[in-house]
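What follows is a short report on a single structure.
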Amino acid sequence: MPARLPALAALIAALLLCACSDLDSLGGSDPSLETDVAKLEAGYECTAFTHPDKPPVLLVHGTFTHGQEQYNWTYKPLLIERGFDVCTVTYPDRGFGDVQISTEYVVHAIRRIHARSGRKVAVIGHSQGVAVLRWAIKWWPSARAAVEDFVMQAGPNHGGDALAIFTLMGLVLPDGAASTFPPIPLPTALHQLGGDTAFIRATNRDDETPGEIDYTAMYTLFDELIQPVVPVPTAAVDWQMDNPRVSNILLQDVCPGRIADHVTIGLTDRLAFELALDAITHPGPADVERAGGAALCGLLPIVPDQAISPTLLTDILGLLPIEIANGAPGLHLTTVEPPLKDYAR
């Protein structure tokens, strides 16, 4: 037995060296995940991985909703019809909590989908779904290496308009009253996404589009939250940098006068869907002409069979017992932005 110890030690050293090399190829080691693995595993669901000719697609929802609510009757059936394996992820409390924690659900989902399918993943995020995906790609090399295409719809890439958010919530203070009224408690995520915040600055530090990933950013003039759109769109990335891996697309540049707002751009707008489909189907980011050009402007909104099914309401209501069993969503109210995690400082 003792004679075998040097050989065993050499084998262990070789395995460790191989593991370190794999980490190096991903750009370094990942931050640890704080969330319990069982919760992370329960946070995503996928169809069977039966279409090896296409990338699996991960759909990431916005604030106030969750994955099944947003996508089960919109993008998910349309993508399945087109031969894609489709996954959705749901982070806790309808996205009211710390975006850094919500991101861990996305990181775990990307890792697992990549491992289970053996393919790189195409990710589509709407609103806060863009922010959590960008945070995952920024700080987790394993997630960054596993993503092939990233489609962003109405993303707060340089912050949303905090005043617009507060207005919609009925929480705008009278003129001149800011100094006499105490700070208003708001969900944690709004403090992180509502303007020039530490979270937004850390997301954009050094490189807005890291990795060997194709980025498509879509936005609309009629967005109630993600403003301004002109002259410099806050939802764009690598603005006017001529990055061949990036397409920044204003929907009204494709179809003048098109009515799409913050919600419908990631839900029922057919132009946004067709551009997303073009991005995940071809090399490179979305290309308007390749996707159909001006012909896209005549397309009607997304109305898959599931959207007009007589069971749609009961299907959605059927999700409520699950939420009730898990407790009412926490609001995570605070008056200040939470500190950045150590890995992002």
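Per residue, how much accessible area does the range 34-148 have with a 1.4 Å probe, in Å²?
On the way: 3460 Å² over 115 residues.
I get 30 Å² per residue for the range 34-148.
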Seminar exercise, completed: By accessible area (1.4 Å), largest first, Asp287, Asp342, Asp206 order as Asp206, Asp342, Asp287
Problem set entry | Integer Hz, Karplus 6.51/-1.76/1.60 couplings in order for the range 231-237, x for Gly and Pro | x, 10, x, 5, 8, 7, 10
Problem set entry | the range 182-302 - Kirkwood radius from inverse mean 1/r over Cα pairs (Å) | 15.7 Å
For this session: Would you work out the relative contact order for the range 205-270, in percent, from Cα pairs under 8 angstrom that are 6 or more residues apart?
Result: 39 percent
Exercise. With all protein chains present and a 1.4 Å probe, how do His191, His61 order by accessible area, largest first?
Worked result: His191, His61
Problem set entry | Local electrostatic count at Ile113 - Lys and Arg +1, Asp and Glu -1, tallied over other residues with Cβ under 11 Å | +3
Seminar exercise, completed: In the range 74-153, the GluC sites (Glu not before Pro) that sit in a DSSP loop and have at most 16 other Cβ atoms within 10 Å of their own Cβ are none
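Please report the net charge: other residues with Cβ closer than 13 Å to the Cβ of Asp269, K and R +1, D and E -1. Mind dumping the intermediate values first?
Details: positive: Arg258, Arg270; negative: Asp223, Asp261, Glu274.
My count for the surroundings of Asp269 gives -1.
Structure shown: which of Lys54/Lys76; Lys76/Lys138; Lys39/Lys138 lie over 19 Å apart, alpha-carbon to alpha-carbon? Please report the intermediate quantities before stating the final value.
Numbers: Lys54/Lys76 15 Å; Lys76/Lys138 26 Å; Lys39/Lys138 22 Å.
Correct reply: Lys76/Lys138; Lys39/Lys138.
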Exercise. Hey, rough spin-label estimate for Glu289 and Phe222, points 7 angstrom out along Cα→Cβ, what's it come to in nanometres?
Worked result: 2.8 nm
Exercise. Leu225 accessible area, nearest 10 Å², 1.4 Å probe?
Worked result: 40 Å²
Seminar exercise, completed: the range 42-133: relative contact order from alpha carbon pairs under 8 Å, six or more residues apart, as a whole percent, is 42 percent
Exercise. Using a 1.4 angstrom probe and counting only protein chains, how large is the accessible area of Lys138 in Å², to 10?
Worked result: 30 Å²
Seminar exercise, completed: Residue span Glu81 to Asp261: 0.36 nm per residue of separation minus Cα-Cα distance leaves a gain in nm of 62.2 nm
For this session: Quick one: which residues, 5 or more positions from Val246 or on another chain, have an amide H under 5 Å from its amide H? H modelled 1.01 Å from N in the peptide plane, none for Pro or chain starts.
Result: Tyr215
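The values are calculated or read from the model by the stated rules, or taken from the named source; none is laboratory data. Just so it is clear, the structure is predicted and the values come from calculations on it, not from any experiment. Neighbour counts are summed over all protein chains in view; Cβ atoms, including those assigned to glycine, are modelled from backbone coordinates with ideal geometry. Ligands, DNA and RNA are stripped out before the accessible areas are found, and what is left, the full protein with its side chains, is counted by its heavy atoms. Shrake-Rupley method; radii C 1.70, N 1.55, O 1.52, S 1.80 Å.
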